[in-house]
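*Asks:* Here's a structure for you.
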Amino acid sequence: MGRTFFVGGNWKCNGTSEEVKKIVATLNDAQVPPQEVVEVVVSPPFIFLPLVKSTLRPDFHVAAQNCWVKKGGAFTGEVSAEMLVNLGIPWVILGHSERRQLLGESNEFVGDKTAYALSQGLKVIACVGETLEQREAGATMEVVAAQTKAIAERISNWADVVIAYEPVWAIGTGKVATPAQAQEVHFELRKWLHANTSPEVAATTRIIYGGSVNGGNCKVLAAQPDVDGFLVGGASLKPEFIDIIKSAEVKKCA
């Protein structure tokens, strides 16, 4: 049984209720491959989670963009895993580079958040990736392995984890890792999982790519053997997100 292609749309801090309704309407009308071919998850800002969940087609799912590291309490501005579960939100994105870079979230903090979210029944899209300086220094795998290790040390069940490799230098910049660059890191990451978790985890865990993915480059990226899908930023707010979802057909034909 192969790994089901996974396409996530991270809407980040964008949208009004009217804009969100338009995006949902576009998604609801789209002709896309069935769930056994591609799993689709969209991640609106917290304030729009109930709206999207209540209006989005049932074969697409919803993710939060973050959650707190422990149970709720006196943590102003945070949202707990328990709250997301209570809302019926199945997924959460954790460790996105914007939170690591802008808000100083450490590898250990992301690992703790991942473990807690999983313990409460959430599924996790766990993000890893290097900066341009780190890539140019030849430290890509060292950085990505350290980020993944902090998660692996804290969890035992990988069934509800998707790893998103997002090179920081390619997020929102228009620069995209070449298919060969993406495949190389995904291959090495899978090799790391094989050596440090188990062969089964390495074979079954989906490793998706994020970094200026669009309707024009998605098919050639999807064709790489270790690229199991995408975490899409800006393009997930546009109709071309449908083309990115459809790129899962590349795997079906392979």
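The values are calculated or read from the model by the stated rules, or taken from the named source; none is laboratory data. Just so it is clear, the structure is predicted and the values come from calculations on it, not from any experiment. For neighbour counting, all protein chains shown are included, and Cβ atoms are generated from backbone atoms with ideal geometry for every residue, glycine included. With ligands, DNA and RNA removed, areas are computed over all heavy atoms of the protein, side chains included. Shrake-Rupley method; radii C 1.70, N 1.55, O 1.52, S 1.80 Å.
*Asks:* Determine which single condition Ala63 fails, assuming it passes every other condition in (1) within 22 Å of Gly111 (Cα to Cα); (2) of a type outside the set (S, T, N, Q); (3) open to solvent by 10 Å² or more (accessible area, probe 1.4 Å); (4) in contact (Cβ under 8 Å) with a residue 60 or more places away in the chain.
*Replies:* Ala63 satisfies every listed condition except (3).
*Asks:* Then there's this: Could you check the range 37-86 and list, in sequence order, the residues that are more than 15 Å from Gly8 (Cβ to Cβ) and of a type in the set (A, V, I, L, M)?
*Replies:* Within the range 37-86, Val37, Ile47, Leu51, Val69, Ala74, Val79, Ala81, Met83, Leu84, Val85 qualify.
*Asks:* Among the listed residues Ala164, Ala177, Ala182, Ala202, identify the single one that is aliphatic (A, V, I, L, M) and either under 30 Å from Val52 (Cα atoms) or over 18 Å from the mean Cα position of the chain (by Cα) (or both).
*Replies:* Details: Ala177 fails: either under 30 Å from Val52 (Cα atoms) or over 18 Å from the mean Cα position of the chain (by Cα) (or both); Ala182 fails: either under 30 Å from Val52 (Cα atoms) or over 18 Å from the mean Cα position of the chain (by Cα) (or both); Ala202 fails: either under 30 Å from Val52 (Cα atoms) or over 18 Å from the mean Cα position of the chain (by Cα) (or both).
None of the other options fit; the residue is Ala164.
*Asks:* Is it fair to say Asn28 is touching a Ser or Thr at 6+ places or on another chain (Cβ under 8 Å), open to solvent by 40 Å² or more (accessible area, probe 1.4 Å) and either at pLDDT 95 or above or of a type in the set (Ser, Thr, Tyr) (or both)? Give the steps one after another, and end with the answer.
*Replies:* Numbers: touching a Ser or Thr at 6+ places or on another chain (Cβ under 8 Å): yes; open to solvent by 40 Å² or more (accessible area, probe 1.4 Å): yes; either at pLDDT 95 or above or of a type in the set (Ser, Thr, Tyr) (or both): yes.
When the stated conditions are applied, Asn28 passes them.
*Asks:* Using the structure shown, decide if Glu78 is farther than 26 Å from Arg206 by Cα and either charged (D, E, K, R) or at pLDDT 95 or above (or both).
*Replies:* Details: farther than 26 Å from Arg206 by Cα: yes; either charged (D, E, K, R) or at pLDDT 95 or above (or both): yes.
Yes.
*Asks:* Just give me the residues in the range 194-235 being of a type in the set (Ser, Thr, Tyr) and assigned to a helix (DSSP H, G or I), in sequence order.
*Replies:* Initially, the range 194-235 is screened for residues of a type in the set (Ser, Thr, Tyr), giving 197-198, 204-205, 209, 212.
Listed by number, the list holds a single entry, Thr204.
*Asks:* Please go through the range 21-60 and pick out each residue that is assigned to a helix (DSSP H, G or I), farther than 19 Å from Ile244 by Cβ and more than 19 Å from the chain's Cα centre (by Cα).
*Replies:* Here is the first cut: in the range 21-60, the ones assigned to a helix (DSSP H, G or I) are 21-29, 46-55.
Restricting the remaining residues to those that are farther than 19 Å from Ile244 by Cβ gives 21, 46-51, 53-55.
The answer is Lys21, Ile47, Pro50, Leu51, Ser54, Thr55.
*Asks:* Only one of Leu237, Leu189, Leu231, Leu193 is in contact with a Gly (Cβ under 6 Å, 6 or more places away or on another chain) and touching a residue at least 12 places away in the same chain (Cβ under 8 Å). Can you tell me which? I'd like the intermediate steps shown before the answer.
*Replies:* On the way: Leu237 fails: in contact with a Gly (Cβ under 6 Å, 6 or more places away or on another chain); Leu189 fails: in contact with a Gly (Cβ under 6 Å, 6 or more places away or on another chain); Leu193 fails: in contact with a Gly (Cβ under 6 Å, 6 or more places away or on another chain).
Within the list Leu237, Leu189, Leu231, Leu193, the selection yields Leu231.
*Asks:* Across the range 142-170, which residue is nearest to Lys70 (Cα to Cα) among those that are in contact with an Asp or Glu (Cβ under 7 Å, 6 or more places away or on another chain) and open to solvent by 30 Å² or more (accessible area, probe 1.4 Å)? Please lay out each step first, then the result.
*Replies:* As a first pass, look at the range 142-170 and keep what is in contact with an Asp or Glu (Cβ under 7 Å, 6 or more places away or on another chain): 143-144, 150, 154, 167-168.
Then drop every residue that is not open to solvent by 30 Å² or more (accessible area, probe 1.4 Å), which leaves 154, 168.
On the way: Arg154: 14, Val168: 27 Å.
Out of the qualifying residues, it is Arg154.
*Asks:* Quick check: is even one residue across the range 100-112 under 22 Å from His194 (Cβ atoms), open to solvent by 30 Å² or more (accessible area, probe 1.4 Å) and modelled with pLDDT of 95 or more?
*Replies:* yes
*Asks:* Here's something else I'd like to know. From the residues in the range 192-213 that are β-branched (Val, Ile, Thr) and open to solvent by 30 Å² or more (accessible area, probe 1.4 Å), which one is nearest to Val143 (Cα to Cα)? Steps first, answer last, please.
*Replies:* Residues of the range 192-213 that are β-branched (Val, Ile, Thr), as a first pass: 197, 201, 204-205, 207-208, 213.
Those left that are additionally open to solvent by 30 Å² or more (accessible area, probe 1.4 Å): 197, 204.
Working: Thr197: 18, Thr204: 22 Å.
Looking at the filtered set, the residue picked out is Thr197.
*Asks:* For the condition under 16 Å from the mean Cα position of the chain (by Cα), open to solvent by 30 Å² or more (accessible area, probe 1.4 Å) and not aromatic (Phe, Trp, Tyr), what is the one hit in Leu221, Leu189, Leu237, Leu231? Lay out the reasoning, then the answer.
*Replies:* Working: Leu221 fails: open to solvent by 30 Å² or more (accessible area, probe 1.4 Å); Leu189 fails: open to solvent by 30 Å² or more (accessible area, probe 1.4 Å); Leu231 fails: open to solvent by 30 Å² or more (accessible area, probe 1.4 Å).
On inspection, the qualifying residue turns out to be Leu237.
*Asks:* Here's something else I'd like to know. Looking at the range 132-151, can you tell me whether even one residue there is more than 19 Å from Tyr209 (Cα to Cα), in a helix (DSSP H, G or I) and at pLDDT 95 or above?
*Replies:* Filtering the range 132-151 down to residues more than 19 Å from Tyr209 (Cα to Cα) leaves 133, 136-138, 150.
Among the residues that remain, those that are also in a helix (DSSP H, G or I) are: 133, 136, 150.
Imposing the further condition that a residue be at pLDDT 95 or above reduces the set to 150.
Yes, the range 132-151 contains at least one residue that is more than 19 Å from Tyr209 (Cα to Cα), in a helix (DSSP H, G or I) and at pLDDT 95 or above.
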